[in-house]
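Participant: Before I ask anything, let me first share the structure, which is written out below as structure tokens.
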Amino acid sequence: MHKCTQTGEKSYQCDICGKSFSNSGHVTVHKRVHTGEKPYQCDICGKSFSNSGYVTAHKRTHTGEKPYYCDICGCSFSGHTALTKHSRLHTGEKPYHCDICGKSFSQSIHLSTHIRTHTGEKPFHCDICGTSFSDSSTLTTHRRIHTGEKPYHCDICGKSFSYNCVLTAHERIHTGEKPYQCDICGKSFSQRIHLSTHIRIHTGEKPYQCDVCGKSFSQNSTLMEHKRIHTGEKPFHCDICDKSFTYNCVLIAHKRIHSGEKPYPCDICGKSFSESNALTRHTHIHTEEKLYHCDICGKSFSCRGYVTVHKRSHTGEKPYQCDICGKSFACRSNVTAHKRTHTGEKPYHCDICGKSFSESSALTRHTHIHTGEKPYHCDICGKSFTLNGNLTVHKNIHTGEKPYHCDICGRSFSHGSHLSRHKHVHSGVKPYHCDVCGKSFSQNCDLTEHKYIHTGEKPYHCDICGKSFSQNSNLTEHKYIHTGERPYHCDICGKSFSNCSHLSRHKRIHTGEKPYHCDICGKSFSHSSYLSRHKRIHTGEKLYPCDICGKSFSQSGDVTAHKRTHTGEKPYNCDICGKSFTNISHVTIHRRTHTGEKPYHCEICGKSFSKNSNLTIHKRIHTGEKPFHCDICGKSFSYNCVLTAHKRIHTGEKPYHCEICGKSFSKNDYLTIHKRVHTGEKPFHCNICGKSFSDNRNLMNHKLIHTGEKPYHCDVCGKSFSNNRNLMKHKRIHTGEKPYHCDICGKAFSVFYYLSRHKRIHTGEKPYHCDICGKSFSQNSNLTVHKRIHTGEKPYHCEICGKSFSESNHLTGHKHVHIGEKPFHCNICGKSFSDNRNLMNHKLIHTGGKPYHFDICGKTFSISGYVNVHKRTHTGEKPYNCDICGKAFSQNSILTRHRHIHTGKTGKG
């Protein structure tokens, strides 16, 4: 064998693939690649390996041992190969060469990855979306798109990232570090790629070329965007209206149409804009700067684009054409707006009432209805108008201009339509006839309104709530509900009203007049409608049926309000936040959230409420009343919603489903908390230590750690708890109550979590996975303990001898060694033990039980640890090494006895 090493001869051949080796042992190890055999196992985590050297190197991940040192920089490594790779950083050695392009690499794996750029091989596939990658690290990074995992955290601001390089670049925002400097102009950059792109400004290099039109670009991203012109690809989609865009920046700007966001404010007047270029154009209004001039007529403009469009008025050019009807336009925005007449698209939405418009200017005019804004002001009287056309007509009042004259009586009018109506007075003509009943009218508008009596048509629509009216005057009065305008004023108390009849009825409060009398009981009323409603108390009459569900009501107002439950109509708006309601009383209650008014007071404790129903519920705290009863178990509750949730314990109903993982919940707030598992959101922060939580209750419980407060006391044994849930669970120890039952075996549990954990025995589910070795566990606590094998963490310390343990029960058992306590007794022979596990193992001596089997030779053992020791007789593994002479042993106890040879101690010492 030694000769083969010297001569380079490879006389040992694999009989499966034919590969040759200089050493028979190497053939043996190689064959395991084909058989999949991994006879060497880590006795800490159970991971298997095909080579004993691999398991030795692997064990150092547990022990933290790094015996190989770089003699240049002193860096330590757990394996010799890792040191070899590292040393090439100093020597610059790149022994692996690509035989296609000649490029060299310091590691063979880098060469393998590189070769795939030539072959196009992508052997690593995403099992979620199917995308392929040429190296596993890129696949690992890609998977975070699906999982949302962001393992790299900024320790300054807490922001998380999917990639370490992005975190590094981000941290420079805080530090201000810009390590990459241009050696031409001296400008510095925080990222290397930004420097590379910048240098092309100096060199003029444009290495990215379009293979369709030949145009070149200095950045690959710009080329990608350019190619979409040829392909028509629009990969950026609006998730609100489904519209698609070629560029992400255009999508971001578009979304502000829906959200109403205007992040660019003018620092002079405060006006905000959704796009930065719109702000730039706007600032020219303040500076009156007009840098761009028309070289034909000399007119100046504040924006270059305006000059371009203006010049087309001279040339007649209309380069933008509608591809549906062929009409041409001088400006791109005009053709965009025009196309909407064909498509019916109305992308501009009012965020108050939801009405849509095809042009932003129409939306702007419409919003004036809600805001009451009237931007066009008369410079004579100061009166304001929402439209410029209305201002022009109004100015005729001040100038006295009446350009429209009657040629019969000489009377003049400021508006042409007014003159046309006036002429009918002289002629007596009523040219507008109703073709249903024959009635005639002097004005067409009067005929039109009259016809609605026959057709039932209601052409005047409220553009806020959509309600319809047959007369424009009725619509005008209705709009006062939304605008809050009340033009009719009481001259006694000053109160205002939106309707003239309401003012007349109100005045009777001051005069005391009640002209309407009930002829049955004699009661008087100030309004006829009140009397009509009152009479139905005597007759029991319910004249107003709902034509949708058939339910009847005694008052028309009640059926009107009821119908809104079917139509979804909400005509009453809050004048503070714009929220809509079906009933005016609901608006009154809602407004109290803004004003803070709480008119309903508890006469026992003085607490106040904004709603009478809330006061009623509150009083049950004092009275102890629990009017809602469970008809299954008889338990009572103060609130109906709590009873509904409680019943789901019996029915097992879980109506709230997670659309990500499909898990179901009995309460909606449980679903909300669960979703944060997927999003990673932790919106509740401790203001003492800064720790974050996904659930407010967890935060409240956590704060008690700082205060030490335990406000919940057991009235049986007096024990105290920091939260009510723990108290409820504790009380079941006294009552023996076990309300949670396994629907498979019938076993009962006092805590729901215990039931969930128990069910995994039946299902075999192990949802908690170790991200280091892949081992799975049915309980999260078991995973936490297991991870300490990898990390070496031992958080439980003995305060007597200082020894540390990875599990709390191990520490408890250890303490018995110091105090001599042996609380675990064998009920057969009476022998005592300090640890319950030792007692369990001891009992097998009496029963003869050997529950642990070795699956290779079939031998059985009474203790699981004996199986691992026995395995080594098959594998030949000797994981315990003497740190003095280097000799290896299969058992730790044999190593201990061996050390006595060096120390001179006797075996019994």
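The values are calculated or read from the model by the stated rules, or taken from the named source; none is laboratory data. These numbers were taken from a predicted model, which means no experiment stands behind them. Positions of Cβ are generated from backbone atoms using ideal geometry, with glycine treated the same way; all protein chains shown enter the neighbour counts. Ligands, DNA and RNA are excluded from the accessible area calculation, which covers all protein heavy atoms including side chains. Shrake-Rupley method; radii C 1.70, N 1.55, O 1.52, S 1.80 Å.
Participant: Give, as a single signed number, the net charge of other residues whose beta carbon lies under 15 Å from the beta carbon of His30, with Lys and Arg counted +1 and Asp and Glu -1. Intermediate results must be reported in sequence, preceding the final value.
Facilitator: Values: positive: Lys10, Lys19, Lys31, Arg32, Lys38; negative: Asp15, Glu37.
That sum, taken over residues with Cβ under 15 Å, equals +3.
Participant: If DNA, RNA and ligands are ignored and the probe is 1.4 Å, what is the ranking of Cys45, Cys165, Cys437 by accessible area, most exposed first?
Facilitator: Values: Cys45 15, Cys165 95, Cys437 75 Å².
Listed by decreasing accessible area, they come as Cys165, Cys437, Cys45.
Participant: Protein chains only, probe 1.4 Å: how do His454, His786 rank by accessible area, largest first? Working shown, then result.
Facilitator: Details: His454 80, His786 10 Å².
The most accessible residue leads, giving His454, His786.
Participant: Show which aspartates and glutamates lie in cross-link reach of Lys887 when reach means a straight Cα distance below 14 angstrom and same-chain residues fewer than eight apart are skipped.
Facilitator: Hits, sequence-local ones excluded: Glu877.
Participant: Mind ranking Thr392, Thr860 by accessible surface for me, highest first, 1.4 Å probe? Numbers along the way, then the final one.
Facilitator: Working: Thr392 85, Thr860 45 Å².
Listed by decreasing accessible area, they come as Thr392, Thr860.
Participant: Roughly how many Å² of Tyr572 are accessible to a 1.4 Å probe, to the nearest 10?
Facilitator: Counting only protein heavy atoms, Tyr572 exposes about 50 Å² to solvent.
Participant: Pull up the cross-link candidates among the aspartates and glutamates for Lys607, meaning alpha carbon to alpha carbon under 20 Å and not fewer than 8 places away within one chain.
Facilitator: Glu597, Glu625
Participant: Which value at 222 nm does the chain reach when only helices count, each DSSP H run of 4 or more adding -39,500 (n - 2.57), with the total divided by all residues and rounded to the nearest 500 deg cm²/dmol?
Facilitator: On the way: 33 runs with 390 residues, N = 909.
Estimated from H runs of four or more residues: -13500 deg cm²/dmol.
Participant: Out of these labelled values of P(r) over Cα pairs in 10 Å bins from 0, in percent, (1) 2, 10, 17, 20, 19, 15, 10, 4, 1, 0, 0; (2) 2, 5, 11, 14, 14, 15, 12, 10, 7, 5, 3, 1, 0, 0, 0; (3) 2, 11, 20, 24, 20, 13, 6, 2, 1, 0, 0, 0, which was calculated from the coordinates shown here?
Facilitator: Entry (2).
Participant: At 1.4 Å probe radius, can you tell me the per residue accessible area of the range 99-152 in Å²?
Facilitator: Solvent-accessible surface per residue comes out at 64 Å².
Participant: Using the Kirkwood formula over every pair of different C-alpha atoms, what hydrodynamic radius in Å results for the range 760-902? Show your work: numbers first, answer last.
Facilitator: Values: mean 1/r = 0.0540 Å⁻¹.
By the Kirkwood definition, the hydrodynamic radius is 18.5 Å.
Participant: If you average the alpha carbon positions of the range 606-656 and of the range 809-884, how far apart do those two centres end up, in angstrom?
Facilitator: 54
Participant: Rounded to the nearest 20 Debye, what is the dipole magnitude of the range 290-373 about its Cα centre when Lys and Arg each give +1 and Asp and Glu each give -1 at the C-beta?
Facilitator: On the way: 13 positive and 7 negative charges, 45 e Å.
With Lys and Arg at +1 and Asp and Glu at -1, about 220 debye.
Participant: Which entries of Lys675/Lys787; Lys495/Lys523; Lys327/Lys579; Lys150/Lys766 show an alpha-carbon separation above 31 angstrom in the structure shown? It would help to have the intermediate numbers written out before the result.
Facilitator: Working: Lys675/Lys787 26 Å; Lys495/Lys523 27 Å; Lys327/Lys579 42 Å; Lys150/Lys766 24 Å.
Beyond 31 Å between Cα atoms: Lys327/Lys579.
Participant: Reported to two decimal places, what Rg/Rh ratio describes the range 296-420 when computed on Cα atoms with Rh from the Kirkwood expression?
Facilitator: Numbers: Rg = 20.3 Å, Rh = 18.6 Å.
Over the Cα atoms of the range 296-420, Rg/Rh equals 1.09.
Participant: Please get the size of the charge dipole for the chain, origin at its Cα centre, with Cβ charges of +1 on Lys and Arg and -1 on Asp and Glu, quoted in debye to the nearest 20. Write down the numbers at each step before the final one.
Facilitator: Details: 130 positive and 75 negative charges, 463 e Å.
So the magnitude is around 2220 debye.
Participant: Related question: Per-residue accessible area for Leu895 at 1.4 Å probe radius, Å² rounded to 10?
Facilitator: Answer for Leu895: close to 10 Å² accessible.
Participant: Could you list, in their original order, any pairs among Lys663/Lys843; Lys271/Lys703; Lys262/Lys374; Lys262/Lys682 whose Cα atoms are separated by more than 32 Å? All intermediate terms of the calculation are to be shown ahead of the outcome.
Facilitator: Values: Lys663/Lys843 43 Å; Lys271/Lys703 44 Å; Lys262/Lys374 21 Å; Lys262/Lys682 28 Å.
Among Lys663/Lys843; Lys271/Lys703; Lys262/Lys374; Lys262/Lys682, the Cα-Cα distance tops 32 Å for Lys663/Lys843; Lys271/Lys703.
Participant: Could I ask something else about it? Which listed residue (Gly120, Asn698, Tyr432) has the Cα farthest towards the positive end of the charge dipole for the chain, taking +1 on Lys and Arg C-beta and -1 on Asp and Glu C-beta about the Cα centre?
Facilitator: In the chain, that residue is Asn698.
Participant: Could you compute how much accessible surface Asp855 exposes when probed at 1.4 Å, giving the result in Å² to the nearest 10?
Facilitator: Number for this one is 130 Å².
Participant: Lysines within cross-link reach of Lys290: Cα-Cα under 17 Å, excluding same-chain residues under 8 positions apart?
Facilitator: Straight-distance partners of Lys290: Lys299, Lys311.
Participant: If you don't mind, there's one more thing I want to ask. Describe numerically, in nm with one decimal, the distance between label points set 7 Å from Cα along Cα→Cβ at Met700 and at Ser720.
Facilitator: The answer from the label model is 1.8 nm.
Participant: With a ≥ b ≥ c taken as the square roots of the eigenvalues of the C-alpha gyration tensor of the range 695-783, please select rounded if a/c is under 1.5 and otherwise prolate if a/b is larger than b/c or oblate if it is not? List each step's numbers first, then the result.
Facilitator: Numbers: a/c = 3.30, a/b = 1.35, b/c = 2.44.
Note, shape of the range 695-783 comes out oblate.
Participant: Something else about it: Any idea how far apart Cys378 and Lys822 come out in nm if each label point goes 7 Å out from Cα toward Cβ?
Facilitator: Label-label distance for Cys378 and Lys822, simple model: 10.8 nm.
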